[in-house]
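Undergrad: First the structure, which I've put down as structure tokens, then a few questions once you've had a look.
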2 protein chains.
Amino acid sequence: MKMSMDCIPCFVRQAADTVKMSDLSDEEQKRLMQNVLQWISELDFNETPPAVSQSIHRRLRFILPTDDPYRTAKDLHNKMAAGLIPSIRQHINSSPDPLMMAVRYAISGNIIDLGSKNNISHEEIYAALQSTPLQTIYGNVNSFKKAVQKAKNILYLADNAGEIFFDRLLIEQLSGVKITMAVRGAPVINDATITDAQAAKIDDIAEIIDNGSDAPGTILNDCDMEFRRRFEEADMVIAKGQGNFETLSDEQREIFFLFRIKCPTISRHSGFCVGSYVVANSFSLPDYSSGAVS
Amino acid sequence: MKMSMDCIPCFVRQAADTVKMSDLSDEEQKRLMQNVLQWISELDFNETPPAVSQSIHRRLRFILPTDDPYRTAKDLHNKMAAGLIPSIRQHINSSPDPLMMAVRYAISGNIIDLGSKNNISHEEIYAALQSTPLQTIYGNVNSFKKAVQKAKNILYLADNAGEIFFDRLLIEQLSGVKITMAVRGAPVINDATITDAQAAKIDDIAEIIDNGSDAPGTILNDCDMEFRRRFEEADMVIAKGQGNFETLSDEQREIFFLFRIKCPTISRHSGFCVGSYVVANSFSLPDYSSGAVS
């Protein structure tokens, strides 16, 4: 999916957030942002949003004194999520349809996304969780359920730190199946890496791999051979979050995208309203999902 | 007030909104935005936010086929405001303190600001108006009331189209005084110009002048001599909106800023929470209001 005009301010905001996390002085931060604006102006605006973000954040990590500026934020989100998980697990297990309740919570966890918003308060997360059991899931729920029933080998593409604890609750419901969870190959924004998958103890219930790439999405050409083999061999792929949707929505294989629609660009491309909880089968996406609609 | 790091994404968003209003193709819009990012990277990041915006929008108007890209949006906001005014006037006149009720509505009208947000729905405006009578006004209400009682010659600096109809309701309460309303000297974002002041029929109750500048604020050095004379001679200056606050908060004369706090940067500089309805006397602002706090 090509980036749209609306993505441009979002890239700049993401970069400014990252620069502000450093201990550079105000003057130095502004000077660096002048450079960032110039880099962005030279990038290919027909790429997917995560491809553009990848270039910006790779360069920022090279310049900033840390190669993981969001580590503190990610640890905080992991800690908060860890505290919430036991009671949510109970709630899922006692619900009439634990699988779909777990899907709802996994999508709610997708609110923890510093790529689409520069801050997420505890209050916002609690409010999202409170309304979770009542959320309608839009998209292709039946086709998702059938695929889960048939699957023997599921590849689960994680999205963000914190959120990954909620992914764990969904994986717990996919029992009796081989599950591989793939995380990013290097830190980018607050996307989950191996550290976060281990924090959520995903290794107790699934194999963890990284995709070898530092894009905040899944750019197959940029992922390593092992990941691509797993991607081809899996009989079901579940992809969490907007970044994975933006980079994989044009792929020719069936993929189930689980995410919350957080911006008008994704709303136009997916055909779902902003705020919706969505399980979308890549084979059922609108035709225009591959074109840029600004 | 110097711009902060948070202003940078906002400039880019404002520019993208403006470019999207044109009938350029998606490709042309993206190419233009690449140029815009480069211009912004070359601007002085120690200026006030309206000074930076002024440079960007002046250049955009030169390149785009129209010199008033927001004219349609401004007409729409004027029309909507015009329809709301008669019942709000009644409500103001029947309230125990009509002056302060008019101040509340004038500040509510400040929600119509396409500089701080890329869209404002009718629903948001109606919701803001419904809660208006109950809003606490923070800041220097008593000093404002005293100044109004003493004033013989008030200069009222308008902010946006649409909003200017609400300013009219406040001006109606300042009776028996010479009022001059100043608007921007040329179109910039959705800031009010002579056209909007005339649409609100301000000329029935006040003299209208323009300030000779195309900044979305009041940069005195950029305003014409006549405006500056009026600014010096007025015994009370009322300045609406964030743009006027950002450019005039360091001036050495007493100014009453009437506005809603719409972003964290202004919140830090003014000392009031985001969302607050504020009447701030420039002599009572926190000391750090002149420095950049990012």
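Undergrad: Which of the lysines could a cross-linker bridge to A:Lys178, judged by Cα under 26 Å and excluding same-chain residues fewer than eight apart?
TA: Filter leaves A:Lys145, A:Lys146, A:Lys150, A:Lys152, A:Lys201, A:Lys240.
Undergrad: Taking amide H atoms as placed 1.01 Å from N in the peptide plane, list the residues 5 or more away in sequence, or in a different chain, whose amide H sits under 5 Å from that of A:Met181.
TA: A:Tyr156, A:Glu207, A:Ile208, A:Ile209
Undergrad: When DSSP beta bridges are limited to those with both residues in chain B, what percentage is antiparallel, rounded to the nearest 5?
TA: That works out to approximately 25 percent antiparallel.
Undergrad: Now, a different point. Which of the three applies to the protein assembly as shown, rounded, prolate or oblate, going by the alpha-carbon gyration tensor with a ≥ b ≥ c and a/c under 1.5 meaning rounded?
TA: Judged from the Cα gyration tensor, the protein assembly as shown comes out prolate (a/c at least 1.5, a/b above b/c).
Undergrad: Moving on to the next point. Between A:Ser284, A:Ser276, A:Ser108, which gets the highest mean-square fluctuation from a Gaussian network model of chain A, Cα cutoff 10 Å?
TA: Comparing A:Ser284, A:Ser276, A:Ser108 in a Gaussian network model of chain A, the most mobile one is A:Ser284.
Undergrad: Still on this structure, please answer the following. Using only the alpha carbons, work out the radius of gyration and Dmax of segment B:135-294 in angstrom.
TA: Reported Rg and Dmax, both Å: 14.6, 43.
Undergrad: Along segment A:128-142, what does the Karplus equation 6.51 cos²θ - 1.76 cosθ + 1.60 (θ = phi - 60°) give for ³J(HN,Hα), rounded to whole Hz, x for Gly and Pro?
TA: Coupling constants for segment A:128-142: 4, 5, 5, 8, 4, x, 8, 5, 6, 9, 8, x, 10, 5, 5 Hz.
Undergrad: What list of ³J(HN,Hα) values in whole Hz, one per residue of segment B:196-205 in order, does the Karplus curve 6.51 cos²θ - 1.76 cosθ + 1.60 (θ = phi - 60°) give from phi, with Gly and Pro shown as x?
TA: 6, 5, 6, 4, 8, 6, 5, 5, 5, 10
Undergrad: From Cα pairs below 8 angstrom and at least 6 apart in sequence, can you work out the relative contact order of segment A:175-294, rounded to a whole percent?
TA: 17
Undergrad: What is the extension gain from B:Cys273 to B:Ser25, computed as 0.36 nm multiplied by their sequence separation minus the C-alpha to C-alpha distance, in nm to one decimal?
TA: Computed gain between B:Cys273 and B:Ser25 is 85.2 nm.
Undergrad: What does the helix-only formula give at 222 nm for chain A: each DSSP H stretch with n ≥ 4 adding -39500 (n - 2.57), the total divided by the residues, and the result rounded to the nearest 500 deg cm²/dmol?
TA: The helix contribution divided over chain A gives -15000 deg cm²/dmol.
Undergrad: Over segment B:23-175, calculate the relative contact order: mean separation of alpha carbon pairs under 8 Å at least 6 apart, over the residue count, as a percent.
TA: Rounded, it is 31 percent for segment B:23-175.
Undergrad: Also: Which distances, in nm and shortest first, link the B:Thr72 label point to the same label point in every other copy, taking 7 Å along Cα→Cβ?
TA: Result for B:Thr72, in nm, nearest copy first: 4.5.
Undergrad: Okay, moving on. Would you mind calculating the relative contact order of segment B:7-63 from Cα pairs under 8 angstrom and at least 6 residues apart, reporting the percent as a whole number?
TA: Averaging sequence separation for qualifying contacts and normalising by length gives 41 percent for segment B:7-63.
Undergrad: Among DSSP beta bridges whose residues both lie in segment B:88-213, state the antiparallel percentage, nearest 5.
TA: 10
Undergrad: Roughly how far apart, in whole Å, are the Cα centres of segment A:1-79 and segment A:199-278?
TA: Between the Cα centre of segment A:1-79 and that of segment A:199-278, the gap is 21 Å.
Undergrad: Still on this structure, please answer the following. Take chain A, connect every pair of alpha-carbon atoms lying under 10 Å apart with a spring to form a Gaussian network, then pick out the residue of A:Gly275, A:Gly241, A:Gly162 with the largest mean-square fluctuation.
TA: A:Gly275
Undergrad: Now for a separate question. Two decimals is fine: what is log10 I(q)/I(0) at q = 0.10, 0.13, 0.14, 0.21 Å⁻¹ for segment B:84-220, from a Debye sum with one equal scatterer on every Cα and no solvent?
TA: Values returned for q = 0.10, 0.13, 0.14, 0.21 Å⁻¹ are -0.32, -0.55, -0.65, -1.43.
Undergrad: Need one word for segment A:1-111: rounded, prolate or oblate. Basis is the Cα gyration tensor (sqrt eigenvalues a ≥ b ≥ c); a/c below 1.5 gives rounded, then a/b vs b/c decides.
TA: Verdict is oblate for segment A:1-111.
Undergrad: Within a 10 angstrom radius of the beta carbon, how do A:Ile255, A:Ile154 rank from fewest other beta carbons to most?
TA: A:Ile154, A:Ile255
Undergrad: Let me know the Rg and Dmax you get for chain A when you use only its Cα atoms, in Å.
TA: When restricted to the Cα atoms of chain A, Rg and Dmax are 18.1, 57 Å.
Undergrad: Does segment B:7-63 classify as rounded, prolate or oblate by the C-alpha gyration tensor (a ≥ b ≥ c root eigenvalues; a/c under 1.5 gives rounded; else a/b over b/c gives prolate, otherwise oblate)?
TA: Prolate shape, in that a/c is at least 1.5 and a/b is the bigger ratio.
Undergrad: Moving to a separate point now. If you put a point 7 Å past Cα along the Cβ direction, how far is that point for A:Gln34 from the same point in each other copy, in nm, smallest first?
TA: So the label point of A:Gln34 gives 2.3 nm to the other copies.
Undergrad: Continuing with the same structure: Between copies, how close do the B:Asp224 label points come, placed 7 Å along Cα→Cβ, listed in nm from shortest?
TA: Label-point separations across copies, in nm and ascending: 6.8.
Undergrad: Please check: in the Gaussian network model of chain B (C-alpha springs, under 10 Å), which one of B:Asn281, B:Asn190, B:Asn142 has the largest mean-square fluctuation.
TA: Comparing B:Asn281, B:Asn190, B:Asn142 in the GNM, the peak value goes to B:Asn142.
Undergrad: While we're on this one: Can you put A:Thr72, A:Thr136, A:Thr66 in order, fewest other beta carbons within 10 Å first?
TA: A:Thr136, A:Thr72, A:Thr66
Quick note: the coordinates plus some simple rules give every number you see, no bench work behind them. Keep in mind that what you see is a predicted model, and the values were worked out from it rather than measured. Glycine gets a Cβ as well: all are built from the backbone with ideal geometry, and neighbour counts include every protein chain shown.
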